[in-house]
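K.L.:
Here you go, one structure.
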Amino acid sequence: MVNWDMDHHLLEAGTDIVLGNSGRISRLEVFCYQGENKTLSSLFKSAELYLKINSDSFENYEANSSNLVWSQYNKEYWPSFSIWKKKKQKVHELDLYTRTCVGISTTEKYRVTMKVKRIDFVRFFCFCIGLVMFYTANLLAENAILEYIFGIILGIFAPLIITVYGLLYYIPKKFGAASTIITSWVLLFYIVKYFWKYGLNMIKLQPHICVVYIHVMILLSIIVLYNYKPMRIQWFARCIQWMIMGLASALVYKSSQYHKAIIAIIQIMIFYHNIYEWLEIKLRTYFYQLTSRRRKLISKEEYIEQGYTETRKALKELRKFCQSPECDTWNIISKVSRPQRLADFVDGGPHLQDDEIMLHRSEILLRSQDENEDKSLWNEYGI
């Protein structure tokens, strides 16, 4: 339970306070923002506290209540042997949904301004960039520049990756799957933590060695990438795609302080990414069935009549083409077996002879007799 007994200035949107201290002893002033309810309309909202002062002779403190701010201020009177100095901030980004108190101690005159942005366009821009990167990760993974950057990052962290892989490879598997997984993850976190602390100490104590190491690994990575071209390997391209998708998810997550809502959005992004091909096929099929007209089936008599109609139409178009100037008469005559019959057809004669008509009718008659026999057999044996 937060205690609000200590004096403080209540911050709201548009708050503008000017304070001054005439004495030489610094004085602490506490400014508190109570927060607001979580709503989707405040997804890209931000609240910032601006300190306007002419010098850097001030100290600032930040906590969840004014009591904690005063306790931090009182600890400053005791000597501290820490080599780390607290960073002085003139801009404080406040938490929208929890109480936040900022304490300022100085001997000079200063001004405190509270600004609330309904839509923080920087956050909104990060959200849009993350969304675009997430769904174009497979295309961005084919970019040669990103492939080289990812390869250089792998080269810099190659000792850590090789160490972790080697230790996990030689862990005995006979203790069972659960114990192996637990041991592997514990060992992995320990190794990463050790390398992280050791790397930070190296950067602080011997930065020149770190600079030389990074330059050497960058050079070796470029040589390996240029000679062996691992970009053509499928798993390497997949790793680049995962890296881009992870960076995109981080941008989306940092674009809002409403963490539950933004995590839900990321989950929807991942879910849609995995099923969008199946969903696209289903939607296209549904809309096609919804908008397309059903074809009407025709009877056998209609089929025969339609065949006669289309045949007469095609013969008429052929006769018209042969009579037009566009027809290459000599070329066509040289290719047909009976030029005189073609000439009679163009002049208006029939396209079939009497014997051909009789043969066609006899074939139709035989076919209809066979169909009637088949139907009688079906009816007789009840097939």
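The values are calculated or read from the model by the stated rules, or taken from the named source; none is laboratory data. Computed from a predicted structure; not experimentally measured. All Cβ positions, glycine included, derive from the backbone under ideal geometry; neighbour counts span all protein chains shown.
K.L.:
Could you tell me whether Cys239 is within 19 Å of the chain's Cα centre (by Cα) and farther than 30 Å from Leu43 by Cα?
P.N.:
Here the answer is yes, as Cys239 does meet what is asked.
K.L.:
Right, here's the next one. Is at least one residue of the stretch 189-203 in a helix (DSSP H, G or I), charged (D, E, K, R), at pLDDT below 80 and surrounded by 10 or more Cβ atoms within 10 Å (Cβ to Cβ)?
P.N.:
Yes, that holds for at least one residue.
K.L.:
Still on this structure: Which of the residues belonging to the stretch 33-56 are surrounded by 12 or more Cβ atoms within 10 Å (Cβ to Cβ) and without any contact (Cβ under 8 Å) to a residue 60 or more places away in the chain?
P.N.:
Scanning the stretch 33-56 gives a single hit, Ile53.
K.L.:
If you don't mind, another one. Quick check on Ile233: is it surrounded by 11 or more Cβ atoms within 10 Å (Cβ to Cβ), at pLDDT below 75 and either assigned by TED's automatic domain parsing to the domain that holds Ile161 or closer than 15 Å to Thr163 by Cβ (or both)?
P.N.:
yes
K.L.:
Answer with yes or no whether Trp330 is surrounded by fewer than 10 Cβ atoms within 10 Å (Cβ to Cβ) and under 30 Å from Ser249 (Cα atoms).
P.N.:
For Trp330, the condition - surrounded by fewer than 10 Cβ atoms within 10 Å (Cβ to Cβ) and under 30 Å from Ser249 (Cα atoms) - is not met.
K.L.:
Let me ask something else. How about the stretch 255-297: which of its residues are in a loop (DSSP other than H, G, I, E, B) and surrounded by 11 or more Cβ atoms within 10 Å (Cβ to Cβ)?
P.N.:
The answer is Ser255, Ser256, Gln257, Tyr258.
K.L.:
Let me ask you something else. Among all residue pairs at least 6 apart or on different chains, which show Cβ distances below 6 Å where the first residue, located in the stretch 5-32, is over 21 Å from Arg99 (Cβ atoms) and the second is surrounded by fewer than 16 Cβ atoms within 10 Å (Cβ to Cβ) and modelled with pLDDT under 75?
P.N.:
Partner pairs satisfying both residue conditions: Arg27/Asn21.
K.L.:
May I ask you to say which residue of Glu48, Glu12 is in a strand (DSSP E or B) and modelled with pLDDT of 80 or more?
P.N.:
Glu48
K.L.:
Does the stretch 63-79 contain at least one residue that is surrounded by 13 or more Cβ atoms within 10 Å (Cβ to Cβ), of a type in the set (Asp, Glu) and either farther than 30 Å from Ala264 by Cα or at pLDDT 85 or above (or both)?
P.N.:
Yes; the residues of the stretch 63-79 include at least one that is surrounded by 13 or more Cβ atoms within 10 Å (Cβ to Cβ), of a type in the set (Asp, Glu) and either farther than 30 Å from Ala264 by Cα or at pLDDT 85 or above (or both).
K.L.:
Could you look through the stretch 106-159, keep only residues that are of a type in the set (S, T, N, Q) and modelled with pLDDT under 85, and pick out the one that is surrounded by the most Cβ atoms within 10 Å (Cβ to Cβ)?
P.N.:
Among residues in the stretch 106-159 that are of a type in the set (S, T, N, Q) and modelled with pLDDT under 85, the one surrounded by the most Cβ atoms within 10 Å (Cβ to Cβ) is Thr106.
K.L.:
So the check is Cβ under 8 Å with 6+ separation or different chains; which pairs have a first residue in the stretch 294-313 that's under 30 Å from Val346 (Cα atoms) and a second one that's surrounded by 10 or more Cβ atoms within 10 Å (Cβ to Cβ)?
P.N.:
Short answer, once both residue conditions are applied: Gln306/Ile298.
K.L.:
Give me the pairs: first residue in the stretch 118-142 and part of a helix (DSSP H, G or I), second residue charged (D, E, K, R) and buried (at least 16 other Cβ atoms within 10 Å of the Cβ), beta-carbon distance under 9 Å, and six or more apart or on different chains, which are they?
P.N.:
Arg123/Lys45
K.L.:
Identify the single condition in (1) out of contact with any Leu (no Cβ under 6 Å at 6 or more places or on another chain); (2) touching a residue at least 60 places away in the same chain (Cβ under 8 Å) that Ser256 does not satisfy, given that it satisfies every other one.
P.N.:
Result: Ser256 fails condition (1) only.
K.L.:
Collect the residues in the stretch 318-338 that are within 23 Å of His360 (Cα to Cα) and either in contact (Cβ under 8 Å) with a residue 24 or more places away in the chain or assigned to a helix (DSSP H, G or I) (or both), keeping them in residue-number order.
P.N.:
Across the stretch 318-338, the qualifying residues are Leu318, Arg319.
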